[in-house]
Amino acid sequence: MIPGFASRRQFKDLSEQEILALAISSEEDDAHIYRSYAEILRTEFPGSAAVFDGMAAEENEHRRRLIDLHAHRFGAHIPLIRREHVSGFYARRPVWLIENLGLDRIRDEAAQMEHDAQRFYETAAAHTTDADTRKLLGDLAEAEAGHGAKADALTQEHLGPQVRSDEAAAAHRQFVLTWAQPGLAGLMDGSVSTLAPIFAVAFATQDTWTTFLVGLAASVGAGISMGFTEAASDDGQISGRGSPYKRGFASGIMTMVGGLGHAMPYLIPNFWTATTIAIMVVFAELWAIAWIQNKYMDTPFWRATFQVVLGGALVFAAGALIGSG
């Protein structure tokens, strides 16, 4: 038996009291999640935070109606039963996982939460025989189904055109600071700084396997170094650049990608074939860097192209000349 699963109850085996208790705990959890979302968003997205405050208030009202019905039918003591106690019951993703994925992902998760709750109430209503209980569960299923309209109403109330525009601009800025900028710095470092050692070894030895190993070591080492440097240089509290772990991850991964791009062709045994492909990859990397600078940093494309291609060409030339000498 798998530990923890053998003790789970089947939903069809729950009593009507336990179904109500499960609904109460689920509404409490959902209200807490919405309040958590509101707190996460309150500083940078106050309009969206107000929407989630309103949704938390709705869940609390559902919880109150469920508790009143439970007290009327079964008394004040509510059995302790939660989602994780019921086999096959829907689960909620941890708040810390969703908050790292941005405003749009939080909104999508909230929509899925309402859909899950609607299906639960529809199923629960079908398993009850008491008229009052069945009516309340059916009403709550309709309420959850109508939460899209409620969310739209709250959005209209708290998110006017200017607020939406400001939040979209803030979300874009945060994405650039947390992901695009560190990732771009890593890609530039990995693509450009590894050119000299890789091509120096390539032209000095004309041994593709040795060149690949040097490129692999340089890329991985640079990625680790850039990742730790980015994460340790700024905790994001004052600068507002976001989580140092996210920035370190973006910088480190993109540094490795940039270096491995022109190291991988040296897995091809033929030296000149590998070198030709590696040079083509280098130019593709440099064009990608120029495109990212233009799209996310608002750098004029041709100026970005000139800077990146010129710098890459100089580093490449230095490595090739040193290796040939």
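Scanning for something buried (at least 18 other Cβ atoms within 10 Å of the Cβ), assigned by TED's automatic domain parsing to the domain that holds Gln206, on the phi < 0 side of the Ramachandran plot and among the aromatic types (Phe, Trp, Tyr), does the stretch 251-274 turn up at least one residue?
yes
One residue is enough: does the stretch 177-185 have a residue meeting the conditions at pLDDT 85 or above, within 19 Å of the chain's Cα centre (by Cα), crowded, with 21+ Cβ neighbours inside 10 Å and assigned by TED's automatic domain parsing to the domain that holds Phe271?
Yes, the conditions are met somewhere in the stretch 177-185.
Could we say that Gly221 is in the same structural domain as Ala317 (by TED's automatic domain parsing) and either surrounded by 18 or more Cβ atoms within 10 Å (Cβ to Cβ) or in contact with a His (Cβ under 9 Å, 6 or more places away or on another chain) (or both) here?
no
Going through the stretch 27-51 one residue at a time, which ones are at pLDDT below 90, over 19 Å from the mean Cα position of the chain (by Cα) and either at positive phi or crowded, with 22+ Cβ neighbours inside 10 Å (or both)?
Result: Val51, single match.
If you take the residues of the stretch 275-314 that are small (Gly, Ala, Ser), modelled with pLDDT under 90 and farther than 13 Å from Met188 by Cβ, which of them is surrounded by the most Cβ atoms within 10 Å (Cβ to Cβ)? Can you show your working first?
Here is the first cut: in the stretch 275-314, the ones small (Gly, Ala, Ser) are 278, 284, 288, 290, 304, 311-313.
Retained after the next criterion (residues that are modelled with pLDDT under 90): 284, 288, 290, 304, 311-313.
Now narrow it down to the ones that are farther than 13 Å from Met188 by Cβ: 284, 313.
Values: Ala284: 13, Ala313: 15.
So the residue we want is Ala313.
Provide a single number: the residues in the stretch 61-85 that are within 28 Å of the chain's Cα centre (by Cα) and under 26 Å from Gly146 (Cβ atoms).
2
Could you grab me the full set of residues in the stretch 193-247 that are under 11 Å from Gly259 (Cβ atoms), in contact with a Leu (Cβ under 8 Å, 6 or more places away or on another chain) and not polar (S, T, N, Q)?
Gly215, Leu216
The values are calculated or read from the model by the stated rules, or taken from the named source; none is laboratory data. In this text the structure is predicted, and so the values were computed from the model without any measurement. Neighbour counts are summed over all protein chains in view; Cβ atoms, including those assigned to glycine, are modelled from backbone coordinates with ideal geometry.
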